[in-house]
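Computed from the coordinates by the stated procedures, all read-outs in this text should not be read as laboratory data. Remember, it's a predicted structure, so these values are computed and weren't measured experimentally. When we count neighbours, we look across all protein chains shown, and the Cβ atoms used for this are built from the backbone with ideal geometry, even at glycine.
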Amino acid sequence: MSGQNSWVLKGVRPLGGEPTTLFVDDGVLVDAEPSGAQSFDADGLIALPGLVDLHTHLREPGREDAETVETGTLAAALGGFTAVHAMANTEPVADVAGVVEQVWRLGQDAGHCDVHPVGAVTVGLRGEQLAELGAMAESAARVRVFSDDGKCVHDPMLMRRALEYLRAFDGVIAQHAQDPRLTDGAQMNEGVQSARLGLVG
Amino acid sequence: MHFCHVSTAGSVELVRWAKSKGWNVTAEVTPHHLFLTDDLVASYDPVFKVNPPLRTADDVEALRAGLVDGTIDAVATDHAPHALEDKETEWAAAAFGMTGLETALAVVIAALTEHGVDDPAALWPLIADRMSARPAAIGRLSHQGQPLAAGAPANLVLVDAAAAWTVDPAQSASRGRNTPFAGRTLPARVTATFLRGRPTVLDGKPA
Amino acid sequence: MNRHLLSAADLNRDDALLVLDTAEELARLADRPIKKLPTLRGRTVVNLFFEDSTRTRTSFELAAKRLSADVINFSAKGSSVSKGESLKDTALTLEAMGADAVVVRHSASGAPHRLAHWIRGSVVNAGDGTHEHPTQALLDAFTMRQRLGRVEGLHVTIVGDVLHSRVARSNVLLLHTLGAEVTLVAPPTLLPVGVDAWPCDVSFDLDAVVPKSDVVMMLRVQRERMHGGFFPTTREYSRRYGLDARRMATLPDDAIVMHPGPMNRGVEIAAEVADSVRSTIVEQVANGVSVRMAVLYLLLGGGMAEAVESAA
Amino acid sequence: MSSARPRPVSGDPAAARPVLDAPDVGRALTRIAHEIVERNHGADDVVLLGIPTRGVTLARRIAQRVEGIEGRPVRTGSLDVTMYRDDLRMRGVRPLEETDIPAAGIDDSVVVLVDDVLFSGRTVRAALDAMGDLGRPRAVQLAVLVDRGHRELPIRADYVGKNIPTSLRETVHVLLDEIDGRDSVLLGPAEEAR
């Protein structure tokens, strides 16, 4: 029996194409109209696959005053996202299976969109020692994207080891590429504006 | 390797060069780097403080071109909400970061339109690829970013391309009020979002 | 003149000349028996100094008191600010105390601009980080006009750590507005990227520029810069960019030497130069009071946020 | 380098009718000069202080005449009252005019304030305040070219070029050769209520 997740989307324009009708049966796109589906008069709305964001900061755990997984994912849904990646610079840092699973579960509970926690590349984002990348990959969160975002993994040997190690489970490193020595105390883009405003570029 | 928040013309060149070598690299750009420039910092309003920082018009142009020609694979918001007190300070003491989830699609549409990609037949497939298909692939998400065809999970978004709207931080679902687009009128509004057929957003409001 | 003085760029040519002319009249006050004018009686001026600077603070305090204003010195050390109160709360506190004007010095560039959002009164930038110091530029221009009769067309050379100098930034802007021709001389490491967009020339060779200068302004080399890797040694800096007697001798006859103070004698300026007749360093201090009186009068003298009644 | 920019003549001079022509102005100033010398038994301790802007010009003209009479120059200067005005808060901030006090100062002198038109008397009050910070004159007298009545303060002129009864909303324009290219005193029609 078609449940609440069955739809007849009338008059949608997939990727801006000609208006047509899309059928959804129990959460899956199908070719024919399922019985008992709810109808939705799209009237020329553009249909796109749910947006995916590789890079967000949902602040939970640690800075729930700035955002929670619930408020962040609701904002994502309102922005058209059906999946977002949550960066590891939370408090505590998401550098162990326990924290990534907590974030993943918070996403599931909120239900606004899929939350894929990003695992830290190094312990505490300190750029000194590889975090337990395998444990995070095998965890319930199935982490595949790893990043020290907010900080740059600037030790070339450590980066090489991380890239090699991740090949075991098809992981990817999202590098916040920024040489810390060249940007020490930087406040804005260095150029005509920073020269005039007296801000370190 | 995937490069976060590419923000300068030079970086676009480096990614283009790396890809020409056949290396397995991908790159993302944020909506604010596709749209805003560093002259906004003249107000010293920390809402414009972000890392990597807002750049020059030439950088914006190069990023838009890189996104269109595929050198840059994906748009990613780097959504960075902050508590009010972390932003309402003098510039040097303010936290880096901007919210972006609720404005991303509209800003990217505005940026691409300004860049000349205004034919719907070109615009929407480009957005579907750079904001759904490719990021899903980079993130190894098999069930997201699929073409809207039978068999795919019903993860989709319905967009009213004609609805312009004005950004009001007080209305945002995000706890962060630090959107750099406050007061700006942007094109296109999300009407509905479906997560595996379940509506998470209807009529522009939480379902 | 608009309500605040945050940058030298806030002053167009007429505003700047108005300040200088007004300051010239107010300077006469110095030789009167009673150095007081009633104009700002009942107005409250707050000196909000996050960076301690007795020189600038006393100058502003004297200026305000000579106009009969009530002055409150709010130093960051002894106040809630040192207990980590935010800039915004400090501003709201001052607003609650009915400050008509806040003179603010802060180590962060742009702090006065933020303050201006939270305060109904006028904000005067008394130096913000490495951004600007508008009243210093005004008193420098005043001193030039006093000694050389004009500012327009003067060849002004500013020498030293331009990168970190709010004095240099304000001077370049104001001198350009007033029609002077400015040349910056510094080691390349102490010039900001993007300086070529500034309305001035740039040179690395002090000896080539000095003979053509009507004014040479030596910038202070801050102690913390001396080992910041910006130049090899203080000695080398002083040899290439310091103003010693030999270099001063190559100056045109009536050229003057300026320095915002406090000076590093023997580093950017030699003792005999600092004490020579060409040096305007002492006058600059006195002129600072007149200029700051003029600024406070022009910002506060009229009705709130009153535009200047055009004299034309 | 002084900034004494003449204040604009408000209202439309063209529509006004002359009440004093150039010779009248000259004769009035000559009479005032004689009265000053007579009243003060000479001009040795007299200091003529013109109130900018037209008062300064008039003070100089009177000084020339007094010098003609006494054969010795008389001390002259100018006294800007802007900073002492009581209407600063209501009106916009005004640029300052020049204050130029003779080197010997005004202590024990007879200061004769000179202005073009005496009206409410507030300008003279401001001048008196200003002088309080400059020294202690033996006496202060007031010379004006025109007294148009409507005093708001207990102030009267010692020497008056001409009394001209006016309605409150009429305007009096004093034109002087050095500033306006001709000598004349004009009475303008009542302006619309401003």
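Structural remarks
- Inter-label distance, nm, simple model (7 Å from Cα along the C-beta direction), B:N24/C:E152: 7.1 nm
- The sum of -39500 (n - 2.57) across all DSSP H runs of n ≥ 4, divided by the residue count of chain B, sets its helix-only mean residue ellipticity at 222 nm to -7500 deg cm²/dmol.
- Helix D:122-132 axis versus longest C-alpha principal axis of chain D: approximately 30°, rounded to the nearest ten.
- Beta bridge orientation in the protein assembly as shown: antiparallel %, DSSP, nearest 5: 30 percent
- For chain C, a Gaussian network of Cα nodes joined below 10 Å ranks C:L138, C:L62, C:L243 by mean-square fluctuation, and the top entry is C:L62.
- Considering only beta bridges that DSSP places wholly inside region A:6-47, some 55 percent are antiparallel.
- For the pair D:E35 and D:Q64, a Förster radius of 22 Å applied to the C-beta separation gives a FRET efficiency near 0.90, rounded to the nearest 0.05.
- Here's the picture: charge each Lys and Arg Cβ at +1 and each Asp and Glu Cβ at -1 in chain B, and of B:A93, B:A207, B:A42 the one pushed furthest to the positive end of that dipole is B:A207.
- Whole-Å distance, taken between Cα centres, linking region D:132-161 and region A:155-201: 77 Å
- In chain A, helices alone account for a calculated mean residue ellipticity at 222 nm of -6500 deg cm²/dmol, with every DSSP H run of four or more residues adding -39,500 (n - 2.57).
- J(HN,Hα) series, region C:269-276, from Karplus relation 6.51 cos²θ - 1.76 cosθ + 1.60, nearest Hz, glycine and proline x: 9, 7, 4, 5, 6, 4, 9, 6
- For C:N47, the residues whose amide H sits under 5 Å from its own are C:I72, C:N73, C:F74, C:V103, ignoring neighbours fewer than 5 places away on the same chain, with H placed 1.01 Å from N.
- Cα gyration tensor category, rounded, prolate or oblate, for region D:22-168 with a/c compared to 1.5: oblate
- Karplus-derived 3J(HN,Hα), 6.51/-1.76/1.60, for each residue of region D:154-165, Hz, glycine and proline x: x, 10, 9, 8, 7, 10, 10, x, 7, 8, 10, x
- Charge tally in the Cβ shell below 10 Å around A:A141, where Lys, Arg are +1 and Asp, Glu are -1, A:A141 excluded: +1
- Gap separating the Cα centres of region D:69-104 and region B:90-118, nearest whole Å: 59 Å
- Within region D:62-165, percent of DSSP bridges classed antiparallel, to nearest 5: 10 percent
- Inter-probe distance in nm under a simple model that places probes 7 Å from Cα toward Cβ, at A:K10 and D:R156: 9.9 nm
- The simple spin-label model puts a point 7 Å past each Cα toward its Cβ; for A:E128 and A:S39 those points are separated by 6.6 nm.
- For region B:1-110, the dipole from Cβ point charges (+1 on Lys and Arg, -1 on Asp and Glu) about the Cα centre works out to 480 debye, to the nearest 20.
- Its relative contact order, with pairs defined as Cα atoms under 8 Å and 6+ residues apart, puts region B:63-185 at 30 percent.
- Once the Cβ-Cβ distance of A:R167 and B:A150 is raised to the sixth power relative to R0 = 25 Å, the FRET efficiency obtained is 0.15.
- Couplings 3J(HN,Hα) for region B:34-39, derived from phi with the Karplus relation 6.51 cos²θ - 1.76 cosθ + 1.60 (θ = phi - 60°), are 8, 9, 10, 10, 6, 5 Hz, where x marks Gly and Pro.
- Cα gyration tensor shape for region D:147-194, rounded if a/c is under 1.5, else prolate or oblate: oblate
- Charge dipole (region A:10-154, unit charges on Cβ, about Cα centre) - positive-most of A:T20, A:W104, A:P92: A:P92
- The alpha carbon centroids of region B:1-34 and region A:82-147 are separated by 24 Å.
- Net charge contributed by nearby residues that have their C-beta within less than 13 Å of A:A174 (K/R +1, D/E -1): -3
- With R₀ set to 41 Å, the beta-carbon distance separating B:A162 from B:S43 gives a calculated FRET efficiency near 0.80.
- Cα centre as origin, Lys/Arg/Asp/Glu Cβ charges: chain B dipole, Debye: 840 debye
- Other residues within the sphere of radius under 14 Å centred on the Cβ of D:R75, judged by their own Cβ, net out at -4 (K and R +1, D and E -1).
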